[in-house]
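In what follows, a structure is listed as structure tokens, so that the remarks can point back to it.
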Amino acid sequence: MFEPILIAQLQEAEQVRSMRPAQVAAASKSAVLLSPVQWSVLSLTSLLTLWWLVSWQGWVAPLFLPSPQAVLAKLWLVSNQGFMDATLGQHLAASLSRIGLALLAAVLLAIPVGLAIGLSPIARGLLDPLIELYRPIPPLAYLPLIVIWFGIGEFSKVLLIYLAIFAPIAIATATAVRAVEPSRIQAAQSLGATRVQLISQVIFPSALPDILTGIRIGLGAGWSTLVAAELVAATRGLGFMVQSAAQFLVSDVVVLGIAVIALVAFALELGLRYLQARYVPWHGRG
Amino acid sequence: MSSLRLQQVSLRYESASVPVLDAISLEVNAGELVVALGPSGCGKTSLLKLMAGFVAPSGGEILLDGTPVRAPGAERGVVFQDDALLPWLDVLGNVAFGLKLRGVARAEREARARELLQLVDLGGYETQRIWALSGGQRQRVGLARALTADPRVLLLDEPFGALDALNREQMQALLLRVWQASRKGVFLITHDIEEAVFLASELVLLSSRPARVVERLKLDFGRRYAAGEAVRSIKSDPEFIRIREQVLSRVLGALAVAA
Ligand SMILES: Nc1ncnc2c1ncn2[C@@H]1O[C@H](COP(=O)(O)OP(=O)(O)OP(=O)(O)O)[C@@H](O)[C@H]1O
Ligand SMILES: [Mg+2]
């Protein structure tokens, strides 16, 4: 049914959700010296220091591991003068607009499709096999076919990411719809809810926390797919930047590109967590 | 004067070999508080689901003021054992939900919801989040929510089952006051014998599965409370204790026969 990652993430979310506050406190008792955030800062600064030390001592040639200063200098240079006919901002914008477009299309289509699968046995019978058929295939495996059909233009890349994002959102939505507590639905029916009201005012809000989790997972998959697709077929974008820098052995731009890719992924994740905290604050509190 | 009537109602789930309900007849009239008491798993919740219209009977008829019940509807308000509140709405939003579904204007539905929150002693809790309420408070929100829709009968499935003894007694008193104020017909399920004897104006004793009505008792302890007598004075009345013990031995007897 699910890909292993999806299940693992959902289970993790479920475990955290089912922990009572006291348990959570007990579980983090071992971290009395520092708060979790402080531990994270510690591990990240250690990594950076190690990196700096290794390049400063010359233990590894700059071609293989450029120094942090060199990468920072390149950040300045690529931001202002550009690399391969585009500035860092333009590469970033190209990647972000692709994933933004794909995400928008996926959210607009996957949520209604997921609702339909969750609500109607007919829709489930019709659509479930289609999604299950393409979902396990790594997107890069069918990228060549998409390129043959639609060329190497923007459409192909957006379509590829769209497909990567669509399945997790649709599946999360359908699962969440089927998991809505029957008593909630019955309560609304006993208050006179029509079918449309039931879907829009009870089922959809009940499913929203899990839909947002689906979007988080989909966005992660989409971002990896995007960067990989840009490595293969693009003239602009972060993946393209890294790939062409590697061909010319400009390793500081490679490291810079990878760092920006990681930062964007991190920012997307934080943004969605914020949305969850802001719009589904009841999640995990019964 | 509304009445919900069950005539020879039986129920058998498709997957099961033993029926759950066997020829149950009962009537919930306006101003009556009918309590169904029965052992765990005998089919009490199933009975309430039939009355609410969530499940269709395999035999017999359920009539609300003469019209057959076929689906859930706002004329039959339900209070669930697990409160079934909507966590994305605050207390006021939950209580006003039924009126919102009906398209009542915001100001009007909120005014009505505030009145009902007063009635269940939750004035001042309007903007509280559902998850910040205690179990007893949630049940009161559930009760107020069911009442806002102004149903003809009120159906409650073990509404106080999860509460501690003290809270439970306060909720019983509250329910009696609400019942008295609304003059509606109320149907309540419980497996707590003292609760049943205290609340019921009619007590219906069910056997274990398949549930049959083994006894009906007309009682008036709830009315005595509503007329002003103190809870403890009623529950320590020898007459109350006698009936409680009589019901208990009847329940034990029914269990012994079944076994
Ligand atoms: N949807 C269903 N399908 C098949 N069997 C069911 C279904 N719902 C309930 N039952 C069975 O019917 C019997 C009565 O269930 P019900 O929930 O009505 O009991 P109850 O009297 O409310 O029990 P409790 O006091 O524990 O709440 C049980 O044996 C149960 O297993
Ligand atoms: Mg039950």
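The values are calculated or read from the model by the stated rules, or taken from the named source; none is laboratory data. Because the structure is a prediction, the values reported are computed rather than measured. Counting neighbours? That spans all protein chains shown, and the Cβs are built from the backbone with ideal geometry, glycine included. Remember, those area values only see protein heavy atoms, side chains included, never the ligands or the DNA or RNA. Shrake-Rupley method; radii C 1.70, N 1.55, O 1.52, S 1.80 Å.
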Per the charge dipole of region A:64-279 (beta-carbon charges, Lys/Arg positive, Asp/Glu negative, Cα centre), the residue among A:A179, A:I211, A:S97 reaching farthest to the positive end is A:A179
Write down the accessible area per residue of chain A in Å², having rolled a 1.4 Å probe over the full set of protein chains. 55 Å²
By per-residue mean of other Cβ atoms within 10 Å, what is the highest-first order of B:88-98, B:111-121? B:88-98, B:111-121
Please build a GNM for chain A, connecting alpha carbons under 10 Å apart, and tell me which residue among A:W59, A:W76, A:W51 fluctuates the most. A:W59
Occluded residues from region A:201-232, i.e. those whose accessible area drops by 50 Å² or more once the chain is not alone (1.4 Å probe): A:Q201
Which aspartates and glutamates does B:K44 reach when only Cα atoms under 14 Å apart count, and residues fewer than 8 places away in its own chain are ignored? B:D22, B:D157, B:E158, B:D192
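Dipole magnitude of the protein assembly as shown about its Cα centre, charges +1 at Lys/Arg Cβ and -1 at Asp/Glu Cβ only, in debye to the nearest 20?
480 debye
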Per GNM of chain B with C-alpha springs under 10 angstrom, the most fluctuating residue out of B:G53, B:G185, B:G142 is B:G53
Share of region B:1-96's accessible area from carbon and sulfur, percent, 1.4 Å? 47 percent
Which distance in Å, rounded to a whole number, links the C-alpha centroids of region B:1-16 and region B:91-132? 32 Å
Read phi for every residue in region B:172-188 and hand back ³J(HN,Hα) as whole Hz from Karplus 6.51 cos²θ - 1.76 cosθ + 1.60, θ = phi - 60°, with x for Gly and Pro. 4, 4, 4, 4, 4, 5, 4, 4, 5, 5, 8, 6, 8, x, 10, 10, 10
When a/c is below 1.5 the answer is rounded, else prolate if a/b is larger than b/c, else oblate, so apply that to region B:52-146 with a ≥ b ≥ c taken from the square roots of the Cα gyration tensor eigenvalues. prolate
Acute angle (nearest 10 degrees) that the helix A:88-119 long axis makes with the longest principal axis of chain A, alpha-carbon atoms: 20 degrees
Among rounded, prolate and oblate, which fits chain A when a ≥ b ≥ c are the square roots of the eigenvalues of its C-alpha gyration tensor, a/c under 1.5 means rounded, and a/b larger than b/c means prolate? oblate
Go through region B:100-121 and flag every residue whose accessible area shrinks by 50 Å² or more with all protein chains in place compared to the isolated chain (probe 1.4 Å). B:L101
Mind telling me which of B:G228, B:G66, B:G77 comes out most flexible in a GNM of chain B, alpha-carbon contacts under 10 Å? B:G228
How many Cβ atoms of partner chains, on average, are near each residue of B:69-77 if near means within 10 Å of its Cβ? 3
Yeah, chain B with a ≥ b ≥ c from its alpha-carbon gyration tensor (a/c under 1.5 is rounded, else prolate when a/b outruns b/c, oblate otherwise) is oblate
Loss of accessible area when B meets A, both sides summed, Å² nearest 100, probe 1.4 Å: 1900 Å²
Within straight-line cross-link reach of B:K49, lysines at Cα separation under 25 Å, skipping those fewer than 8 residues along the same chain: B:K100, B:K184, B:K218
Formal net charge of residues neighbouring B:L188 (Cβ-Cβ distance under 14 Å; K, R +1; D, E -1): -3
Given Cβ charges of +1 for Lys and Arg and -1 for Asp and Glu, the option among A:G125, A:L238, A:V71 whose Cα lies farthest towards the positive end of the dipole of chain A is A:G125
Per-residue HN-Hα couplings for region B:51-65 [Karplus 6.51, -1.76, 1.60; θ = phi - 60°; Hz; x = Gly/Pro]: 5, 6, x, 6, 10, 9, x, 7, x, x, 9, 10, 10, 10, 6
Take the eigenvalues of the Cα gyration tensor for region B:103-182, scale each by 5, and report the square roots as semi-axes in whole Å, largest first. 21, 16, 11
Treating only Lys and Arg (+1) and Asp and Glu (-1) as charged, each at its beta carbon, one finds that region A:64-279 has a dipole about its Cα centre, in Debye to the nearest 20, of 380 debye
For peptide B:79-91, what's the mean number of Cβ atoms from other chains within 10 Å of each residue's Cβ? 5
Dipole magnitude of region B:132-259 about its Cα centre (Cβ charges: Lys, Arg +1; Asp, Glu -1), debye to nearest 20: 340 debye
Can you give me the long-range amide H partners of B:L155? Hydrogens built in the peptide plane at 1.01 Å from N, cutoff under 5 Å, separation of 5 or more residues or another chain. B:G77, B:V78, B:V79, B:F187
